[in-house]
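K.L.:
Sending over a structure as structure tokens; questions will come in a sec.
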Amino acid sequence: MSELPGGDQSALRHLNTRRVLQLLYNGPAMTVTAVANATELSRPTVQAILTSLVDSELLRLDGHDAAKRGGRPAQRYRFNGDAGLVAGIDIGAHTIAVRVATLGGSLVASARRAVPTDADRATRIDLAIDVLTSTVPAGSSPLWAAAVGTPGIVDEHGVVRLCVAIPEWTGVALAEELGSRLGCPTTALKDTNLAVLAEHRVGAAQNVPDALYVHVGHRLGVGLLVDGVPFTGRSGSAGEVGKHPAFGWEEAPGRLAADAGLRDAGSEAASEWIFSKARQGDPLPVAAVDTFAKTLAGGIGAMVLAMDPRLIVVGGGLARAGAVIVDPIRKHLSAILYEVPPLALSTLGEDAVAIGALESARDQVRHLLVAKADSAAS
């Protein structure tokens, strides 16, 4: 689209600056000619915009294109990914994990810290802030945006409407509380929805627009991705299939240990022992895992029939068992579904939620660029 004739030239300048900045934020370094061709703006307009964005430090010079027929090589311009930072936070029942990256997505630092399971709301939030602030290197660029993932049902305003995994967590206005203390725009989402976003962007579900993420651990849960975007539903409870008593998801993790003949139902070591013995063909653990997989398949099958995803990604601590858990899930799904989608193991492991939170924070930056572009155009 070329420049509009007449009208408010100030508004037009702001609009064109936004377009150029968004183009370079989402793509590689480009010359004046390349930007002009992509935006259909004139070269003089593009040159003026690029100069103003370099002056505001939102863009930086990035070398020159080689001259094809002699003459002066063309200057390239790139979004200045070092102008600020974004943060991804994973607040769980047992740990808090953070990842800090540049605006361009380069990881700067990460940390993981244990948290007492009985920690109250204020203590848990204080710890999350402390982990993040102590992880950001001294003298770093400012924090532009943050996102946080947590178990439970999280609404569109970042309020935890219901959480049974963390004490005193129901009702916390997580996005507002963290955002006010961090001094930057902050969003909050259900942890499994951030996990599926991470798998879509950098993990097992890359280039897959519709995917179902299944968290298999000491609790069970799902995350939904529709058209490349986490789907939360009207109230944030989309995908909470574990609430339905017919599927038995709430009791399944504990019953796994009992079925395998163990009294310790909650330890990671017990789960590892069960899957190790099942891998070796020990009859009781094999039967216990098969029953567990059948229970999982009931809920997964209902979700697949409802959303028809192209891929199912299995993540969480018990997903480390690999084929020992995936194969029986696939077997039981074949008795429920018309067609079983491909199943893949998470490639991101315990970092999936924090990585997804980083991606969500970077998505916020795209909206913040509007204000930054307007400032540069003024």
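The values are calculated or read from the model by the stated rules, or taken from the named source; none is laboratory data. As the structure is a computational prediction, the values presented were derived from the model and not from experiment. Backbone-built Cβ (ideal geometry, glycine too); neighbour counts: all protein chains shown. Each accessible area value is taken on the protein alone, full model and side chains, heavy atoms only, with ligands, DNA and RNA left out. Shrake-Rupley method; radii C 1.70, N 1.55, O 1.52, S 1.80 Å.
K.L.:
Quick one: putting +1 on the C-beta of Lys and Arg, -1 on the C-beta of Asp and Glu, what dipole do you get for the chain around its Cα centre, in Debye to the nearest 20?
P.N.:
The dipole magnitude comes to about 980 debye.
K.L.:
For the chain, give me the percentage of DSSP beta bridges that are antiparallel, rounded to the nearest 5 percent.
P.N.:
Of the beta bridges lying entirely in the chain, close to 60 percent run antiparallel.
K.L.:
Within 12 Å, Cβ to Cβ, of D130, how many net charges do the neighbouring residues add up to if Lys/Arg are +1 and Asp/Glu are -1?
P.N.:
For residues surrounding D130, the net value is +2.
K.L.:
Mind listing the long-range amide H neighbours of L345? Cut-off is under 5 Å, sequence gap 5 or more, other chains count too, H placed in the peptide plane at 1.01 Å from N.
P.N.:
For L345, the qualifying residues are V314.
K.L.:
Before anything else, pin down the relative contact order of region 180-246: Cα pairs under 8 Å, at least 6 apart, normalised by residue count, whole percent.
P.N.:
RCO, region 180-246: 27 percent.
K.L.:
Roughly how many nanometres apart are two label points built 7 Å out from the Cα toward the Cβ at V54 and R181?
P.N.:
Result: 4.2 nm between the two label points.
K.L.:
How much accessible area per residue does the chain have, in Å², with a 1.4 Å probe?
P.N.:
Value returned for the chain: 46 Å² of accessible area per residue.
K.L.:
Could you tell me, in Å, what Rg and Dmax come out for the Cα atoms of the chain?
P.N.:
Calculated on Cα positions, Rg and Dmax stand at 24.1, 80 Å.
K.L.:
If I ignore ligands, DNA and RNA and count only protein heavy atoms, how much of Y25 is accessible to a 1.4 Å probe, in Å² to the nearest 10?
P.N.:
We get 20 Å² for Y25.
K.L.:
Give me, ordered by chain and number, the residues 5 or more places off G221 or on other chains with an amide H under 5 Å from its own placed amide H.
P.N.:
Here the answer is H215, since their amide H atoms fall under 5 Å of that of G221.
K.L.:
Each residue of region 359-367 in order: what ³J(HN,Hα) in whole Hz does its phi give by Karplus 6.51 cos²θ - 1.76 cosθ + 1.60, θ = phi - 60°, with x for Gly and Pro?
P.N.:
4, 5, 5, 5, 5, 4, 4, 4, 6
K.L.:
With θ taken as phi - 60° and the coefficients 6.51, -1.76 and 1.60, list the Karplus ³J(HN,Hα) couplings across region 201-216 in order, rounded to whole Hz; mark glycine and proline as x.
P.N.:
7, 9, x, 6, 10, 4, 6, 10, x, 10, 9, 10, 9, 10, 8, 10
K.L.:
What net charge do the residues around G317 carry, taking every other residue with its C-beta under 12 Å from that of G317, with Lys and Arg at +1 and Asp and Glu at -1?
P.N.:
With Lys, Arg at +1 and Asp, Glu at -1, the net is -1.
K.L.:
How much accessible surface area, in Å² rounded to 10, belongs to the heavy atoms of T102 with a 1.4 Å probe?
P.N.:
We get 20 Å² for T102.
K.L.:
Would you pull out the residues with amide H under 5 Å of T187's amide H, same chain only if 5 or more places away, H placed 1.01 Å from N?
P.N.:
Result for T187 returns A146, A147, V148.
K.L.:
Oh, and also: For a Förster distance of 35 Å, can you work out the FRET efficiency between the beta-carbons of A38 and L337, rounded to the nearest 0.05?
P.N.:
For A38 and L337, the calculated efficiency is 0.20.
K.L.:
Using θ = phi - 60° and the Karplus form 6.51 cos²θ - 1.76 cosθ + 1.60, what ³J(HN,Hα) does each residue of region 81-87 get, whole Hz, x for Gly and Pro?
P.N.:
Rounded to whole hertz, the list is x, 8, 6, x, 10, 10, 10.
K.L.:
About the Cα centre of region 162-248, what is the dipole size in debye to 20, counting +1 per Lys and Arg Cβ and -1 per Asp and Glu Cβ, all else neutral?
P.N.:
Roughly 80 debye for region 162-248.
K.L.:
Heads up, I need the accessible area for K243: 1.4 angstrom probe, whole protein in place, Å², nearest 10.
P.N.:
150
K.L.:
Per the helix-only calculation at 222 nm, which mean residue ellipticity applies to the chain, given -39500 (n - 2.57) for every DSSP H run of n ≥ 4 and division by its residues, nearest 500 deg cm²/dmol?
P.N.:
So the calculated ellipticity at 222 nm is -13500 deg cm²/dmol.
K.L.:
I want the antiparallel fraction of DSSP beta bridges within region 109-228, as a percent rounded to 5.
P.N.:
65
K.L.:
Whenever you get a sec, compute what percent of the accessible area on the chain sits on carbon and sulfur atoms (1.4 Å probe).
P.N.:
52
K.L.:
Take the Cβ-Cβ distance between L284 and R72 as r, set R0 to 51 Å, and report the resulting FRET efficiency rounded to the nearest 0.05.
P.N.:
My answer for the efficiency is 0.10.
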